[in-house]
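Read the structure below first, then the notes.
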Amino acid sequence: MPNISAIRVAYFVAIIATCVIVFAVIKFSLFPQISTMSETRDVDSQVIIVGGGLAGISAAIEASRHGAKVIIVEKEKSLGGNSAKATSGINGAESKPQRENGINDSVDKFIKDTLSSGDGLSNPTLVNILATNSAEAIDFLRSFGVNLVDVVQLGGHSIPRTHRIPPTADGKPVPVGFTIVSTLRKYTENDLKESIRVLVNSAFKSLIFEGVRVVGIRYEAQDKTEHELRGTVILTAGGYANDHSSNSLLDSYVPNLAKLPTTNGPWATGDIIKATVPNGLSLIHMDRVQVHPTGFVEPSNPNHHTKFLAPEALRGCGAIMLNAEGRRFVDELGRRDHVTEAIFTHCKHFQGDDKMPVVSVMLLNEEVINRFGAPSAGFYKMKGIIQDVGKLNDLANHLKVDASIVKGTLDLYKKAAETGKDEFGKVTFPVVFSPEDHFYLAYITPALHYCMGGLKISEKGEVLRHPVGEAEEVERPVPGLYAAGEVTGGVHGNNRLGGNSLLECVVFGRVAGFHASHYRS
């Protein structure tokens, strides 16, 4: 006769085990956490990544760790893209460096700041994934030796959460974007060379479909021959903020901004978006192109189309902004779009010439220079961009204004810092200026910087589109196709917070790499 007690125990154990499995499946499918992704699995698949910036490299590492064979297809001669040009830092909420610096942040605050900056256009699910995995992204990069321990506050943030790299022991500056990209690139070349192959000077041409599924890509090699690669595809090839081609996306979506200078490299031409138009992939927010308020103006070549970015960390470290009359006109730590609008409203053309860009004066003192990093500031001094103008009278003479006006501006700023009541709404005053200071200045102008719009993706990084031949409005994932980074849209809405671009690349690059490595047709 069977043992009834034993049967009951086995029955309840089976029920509990089933519940645990079901919960795990639901959690995995809806809320993929990056900590889950760190487990390596033996998966026999090939993942093709188009684009070799930080999103592409992050996706490659994650896919490789899950057993996939990876090929990165990059149109330039080396990996990096705009990620390597990033200078402000990478955001993280509730990170270890924040705790070590006594900064009390939370994921909820980060989500609130990002959604507020996006003016209600951001996808809350994607923002939640971005913020929830931000501290893990910092840990991920630090695990490779990237020393992200310096934490500053950028415009639009309520808390210091943008992680930077301090100067080396001998005082040399460490550029954050370049260091992150080069560190991860070396890791892929050395530690993952058996599973990751890189094809440079190789231009994406089209996707290969079998029915509704993507099964590979076509690309053009440097010798102009065309080739095919088969596998799951991740698109990570950046934005279009330097697209001045005959079918320019800037001209199509933001013609009023198209002639502005840019901080982007010449590769930022939206190739993927244009090449996949026949495939009917869903796009979102294509008319949302961010103008960064502070692109450096080189006095010797003020109309040069490509600008060095004046890192937002300069204002985060205390720099203030003046108009041609020597007066403040904006909260320097406000949102990028608000600061940009204020510059165009309250400032004048460089040297009074309407053929020159509209400029503001960024004012710094020794304390700002030291907080930002004297070695890093030294690079801009060497380029003649940050100018040493001396004492108050020298500054006033340089600006061609009365010294009493500049002194009055500094006195008002000091009073605002002491009382917490600023006419422009500023609430954080990293540095208070004195008329006795030694001054430095730089001329800055708004420049095209980042594309908030692009391919529409799911929480798993799947590219979406309307079903072919169906009238229903619901968008569905394209099987076998993923995307991450600036080529996508939906995370930033109307305005991207500084420090969120590198973070998006790491978080969603890893999300896409994880799911692409596990995709089965």
Exercise. Setting aside same-chain residues fewer than 8 positions from LYS391, which aspartates and glutamates have a Cα under 16 Å from its Cα?
Worked result: GLU366, GLU367, ASP402, ASP411, GLU436, ASP437
Exercise. With respect to the cross-link table entries LYS75/LYS172; LYS75/LYS307; LYS307/LYS348; LYS96/LYS186; LYS355/LYS421, which display a Cα-Cα separation exceeding 27 Å?
Worked result: LYS75/LYS172; LYS355/LYS421
For this session: Report, ordered by chain and residue number, the lysines lying within cross-link reach of LYS415, taken as a straight Cα distance under 20 Å and ignoring same-chain residues fewer than 8 apart.
Result: LYS407, LYS426
For this session: Just order 175-185, 131-141 by mean Cβ neighbour count inside 10 Å, highest at the front, would you?
Result: 131-141, 175-185
Exercise. Between the helical axis of 336-346 and the dominant principal axis of the chain, each derived from Cα atoms, what acute angle in degrees is found, rounded to the nearest 10?
Worked result: 30 degrees
Exercise. Stretch LYS391-ASN279 to full length: gain in nm at 0.36 nm per residue minus the Cα-Cα span?
Worked result: 34.2 nm
Exercise. Can you tell which of LEU363, LEU322, GLY373 lies farthest toward the positive end of the dipole of the chain, using +1 and -1 charges on the Cβ of basic and acidic side chains (Lys, Arg; Asp, Glu)?
Worked result: GLY373
Seminar exercise, completed: In order over segment 379-388: 3J(HN,Hα) from phi, Karplus 6.51/-1.76/1.60, θ = phi - 60°, whole Hz, x for each Gly or Pro, gives 4, 5, 5, 4, 6, x, 8, 8, 10, 7
For this session: Pull up all non-local amide H partners of ALA324: gap of 5 or more, or a different chain, and H-to-H distance under 5 Å with H placed in the peptide plane.
Result: LYS348
Problem set entry | Amide hydrogen neighbours beyond the local backbone of ILE385, cut-off 5 Å, H modeled | none
Exercise. Sorted by mean Cβ packing within 10 Å, highest first, what order do the peptides 348-359, 49-60, 115-126 take?
Worked result: 49-60, 115-126, 348-359
For this session: Starting from segment 375-468, pick out the GluC sites (Glu not before Pro) whose DSSP state is loop and whose Cβ has at most 15 other Cβ atoms within 10 Å.
Result: GLU423, GLU436
Seminar exercise, completed: For the chain the mean separation of alpha carbon contacts under 8 Å (6+ apart) over residue count, i.e. relative contact order in percent, is 23 percent
Exercise. Taking LYS259 as the anchor, which aspartates and glutamates have their alpha carbon closer than 16 Å to its alpha carbon, excluding any fewer than eight residues away along the same chain?
Worked result: ASP243, ASP251, ASP287, ASP354
For this session: Work from the charge dipole of the chain (Cβ charges, +1 for Lys and Arg, -1 for Asp and Glu, about the Cα centre) and give the residue of LEU399, PRO175, SER158 farthest towards its positive end.
Result: PRO175
Seminar exercise, completed: Once Lys and Arg are counted +1 and Asp and Glu -1 for all other residues with Cβ under 13 Å from that of THR409, the total becomes -2
Exercise. Add -39500 (n - 2.57) for each DSSP H run of 4 or more in the chain, then divide by its residues: what number comes out at 222 nm, to the nearest 500 deg cm²/dmol?
Worked result: -10000 deg cm²/dmol
For this session: Identify which of the listed values of percent of Cα pairs over 38 Å apart was calculated from the structure shown: [x] 24; [y] 62; [z] 30.
Result: [z]
For this session: Using packing as a proxy for protection, rank 69-76, 387-394, 219-226 so that the peptide with the highest average count of other Cβ atoms within 10 Å comes first.
Result: 69-76, 387-394, 219-226
Seminar exercise, completed: Sequence order, segment 125-139: Karplus ³J(HN,Hα) from phi using 6.51 cos²θ - 1.76 cosθ + 1.60, θ = phi - 60°, Hz rounded, Gly and Pro as x, gives 5, 5, 5, 4, 5, 4, 6, 4, 9, 5, 5, 5, 5, 4, 4
Seminar exercise, completed: Env charge @ SER282, Cβ radius under 13 Å, K,R +1 / D,E -1, value 0
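Bear in mind that the values in this text are calculations on the coordinates, not laboratory data. All values reported here derive from a predicted model rather than from experimental measurement. For neighbour counting, all protein chains shown are included, and Cβ atoms are generated from backbone atoms with ideal geometry for every residue, glycine included.
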